[in-house]
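The values are calculated or read from the model by the stated rules, or taken from the named source; none is laboratory data. Just so we're clear, the structure is a prediction, and the values are computed from it rather than from any experiment. FYI the Cβ positions are ideal-geometry reconstructions off the backbone, even for glycines, and counts take in every protein chain you see.
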Amino acid sequence: MVVTTTVSDSDENIHSTFASRYVRNSLPKFKMPEQSIPKEAAYQIINDELMLDGNPRLNLASFVTTWMEPECDKLMMAAINKNYVDMDEYPVTTELQNRCVNMIAHLFNAPMGDKETAVGVGTVGSSEAIMLAGLAMKRKWQKRRQAEGKPYDKPNIVTGANVQVCWEKFARYFEVELKEVKLREGYYVMDPVKAVEMVDENTICVAAILGSTLTGEFEDVKLLNDLLTKKNRETGWDTPIHVDAASGGFIAPFLYPHLKWDFRLPLVKSINVSGHKYGLVYAGVGWVVWRDKEELPEELIFHINYLGSDQPTFTLNFSKGSSQIIAQYYQFIRLGFEGYKDIMENCMVNARMLCEGIVKTGRFNILSKEEGVPVVTFSLKDSSRYTVFDISEDLRRFGWIVPAYTMPPNAEHVAVLRVVVREDFSRGLAERLTTDIERVVKELDGKPPSRGTVKVAHVTAAVEGAGGEKRLKKSVEETQREITSHWKRLVDGKRKGAC
Ligand SMILES: Cc1ncc(COP(=O)(O)O)c(C=O)c1O
């Protein structure tokens, strides 16, 4: 509580903040208020409202970093007033970005010498990085078609239906048809065989995900590369691959160094990664790197000189903060390969522990794989009395934010819960979460069926009335689908917003 002490001010200023007029009226929501208020009151009001936000450390929905070392926090705060785009004025910050790009390109095995500079750029996140990579792919394809005297007005991109919403945004914003390989029950990533079948002469690239947002599973980029190489040879096309390594880009090099998913595969021309996910920096940094400068059409790079010397820029936004770039460099030199490996191994151990705890309850099937991003995705074996959405809601009581969602087409009838294991999700927290899941499930066992499942009973009864056991059996499956699509309508926006 803040007590204002300036006696020379009006009477109000001697009241405690909570008794002052500033908090007695409802807060401005639509129009900027006419009058100013003391800084202490503004702070208190906003701080108090923010108390109702969830606790980021318990937000297991997000891949995005929620803890960093205090030394790095200090560096970030010191740079809070630096606009990254003022490169002439802040040349050291620019240099740190370039060093980060080089380090990431080397980590992803770009074909370059030890002292060669890489082609890449820092972005606000993987979404911006994907827009840039997609634009480069589109432009390259257009130029090639133009040179061949062929139409270039119907570009498409092939992805799995499990892609994150940023790919749908790219497709819609930049007028590229999105051709999605549908999922199926038990197979929740893009099938490379089907993806390559969908490729045609208008395909600007196939986008593979290293670490599906939904289950953390890695897509088989090596197989995709091999199949696409064969198809390119047979057709004379030159369809490339982009790897969306938003979360897996900082997992695979440390945990699975022999897995070939990156520039070691000839068709992989660009890769994005989120610095703010397993790059271990707070929200606001992503990266895109290209195999070499041939893959980034020169006409997409703008050159400005009004901030000083000639500056190349290839980003969607102009101004942005510098803190995240500085923080990324801090993490790279502070942790080194050894430190990242340690942290990722620990995340994996904690994910495995959590997984075992969840399996022990006997209620769930695990959908995530041993190899991949440390994510635990699980579904209920029996959702006739309550659903994963009920469990998600009940876990909130303990402070846990565990999202529930349905899978994309054609696996919409599968509803899951997902826990993202980050650096700061310790073993102790994993044990607590397991205990709380057990508790919630036991409580739900003792309650009447939830609203979503009453619908099952309803439809089942109707079917029974309408006749025959045979029909009833068939209908259970149909009903499950109906429930999940009902839920899907409710939560679809949320699933698409899953980060
Ligand atoms: C596979 C994948 N791609 C892209 C994104 C978007 O990343 P960002 O939040 O860094 O824009 C995400 C976010 O979770 C993701 O999981």
Exercise for the section: Would you mind stating whether GLY211 is closer than 29 Å to THR406 by Cα and touching a helix residue (DSSP H, G or I) at 6+ places or on another chain (Cβ under 6 Å)? Expected result: yes
Problem - Residues of the stretch 225-242 classified as free of Cβ contacts under 8 Å to residues at least 40 places away in the same chain and within 16 Å of the ligand (Cβ to nearest atom), total - result: 1
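Yes/no per residue for (1) among the polar types (S, T, N, Q); (2) surrounded by fewer than 17 Cβ atoms within 10 Å (Cβ to Cβ); (3) in the same structural domain as GLU185 (by TED's automatic domain parsing):
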position	(1), (2), (3)
TRP400	no, no, no
THR406	yes, no, no
ASN410	yes, yes, no
VAL414	no, no, no
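I need the full set of residues from the stretch 307-352 which are in a strand (DSSP E or B) and hydroxyl-bearing (Ser, Thr, Tyr), in order please. If you could, list the steps in order and put the result at the bottom.
If we filter the stretch 307-352 for residues that are in a strand (DSSP E or B), which is where we start, we get 311-313, 321.
The one that is in a strand (DSSP E or B) and hydroxyl-bearing (Ser, Thr, Tyr): THR313.
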Exercise for the section: State whether one or more residues within the stretch 136-144 are within 16 Å of the ligand (Cβ to nearest atom) and not small (Gly, Ala, Ser). Expected result: yes
Exercise for the section: Report yes if ASN162 is closer than 29 Å to MET344 by Cα, away from the ligand (no atom under 16 Å from the Cβ) and surrounded by 20 or more Cβ atoms within 10 Å (Cβ to Cβ), otherwise no. Expected result: no
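When only residues in the stretch 358-383 that are of a type in the set (Gly, Ala, Ser) and within 25 Å of the chain's Cα centre (by Cα) count, which is surrounded by the fewest Cβ atoms within 10 Å (Cβ to Cβ)?
Per the criteria, the residue is SER379.
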Exercise for the section: Can you give me the number of residues within the stretch 188-208 that are more than 16 Å from the ligand (Cβ to nearest atom), more than 15 Å from LYS138 (Cβ to Cβ) and touching a residue at least 60 places away in the same chain (Cβ under 8 Å)? Expected result: 0
Practice task
Output the number of the condition that LYS82 fails; it satisfies all remaining conditions of (1) at pLDDT below 95; (2) over 30 Å from ARG397 (Cα atoms); (3) over 25 Å from the mean Cα position of the chain (by Cα).
Solution key: (1)
Exercise for the section: Return the residue satisfying two criteria in turn: it lies in the stretch 169-179 and is part of a helix (DSSP H, G or I) and closer than 14 Å to PRO155 by Cα, and of such residues it is nearest to the ligand (Cβ to nearest atom). Expected result: PHE170
Problem - the stretch 241-269 - residue that is in a helix (DSSP H, G or I) and small (Gly, Ala, Ser) and, of those, surrounded by the most Cβ atoms within 10 Å (Cβ to Cβ) - result: GLY249
Handout entry: Any hit, the stretch 66-77, residues being loosely packed, with under 13 Cβ neighbours inside 10 Å, of a type in the set (A, V, I, L, M, F, W, C), free of Cβ contacts under 8 Å to residues at least 60 places away in the same chain and out of contact with any strand residue (DSSP E or B) (no Cβ under 8 Å at 6 or more places or on another chain)
Key = no
Exercise for the section: Within the stretch 398-455, track down each residue that is farther than 30 Å from ILE343 by Cα and part of a loop (DSSP other than H, G, I, E, B). Expected result: PRO408, PRO409, ASN410, ALA411, GLU412, HIS413, VAL414, GLY446, LYS447, PRO448, PRO449, SER450
Problem - Output for the stretch 96-126, where each listed residue is among the β-branched types (Val, Ile, Thr) and within 16 Å of the ligand (Cβ to nearest atom) - result: ILE104, VAL121, THR123, VAL124
Practice task
Determine if the stretch 78-94 includes at least one residue that is surrounded by 14 or more Cβ atoms within 10 Å (Cβ to Cβ) and either within 16 Å of the ligand (Cβ to nearest atom) or among the small types (Gly, Ala, Ser) (or both).
Solution key: yes
Exercise for the section: Could you pull out every one of the helices (runs of 4 or more DSSP H) wholly within the stretch 52-154 that has 2 or more residues that are among the β-branched types (Val, Ile, Thr)? Expected result: 91-107
Problem - Exclusive hit being more than 20 Å from VAL64 (Cα to Cα) and among the polar types (S, T, N, Q), set SER392, SER383, SER368 - result: SER383
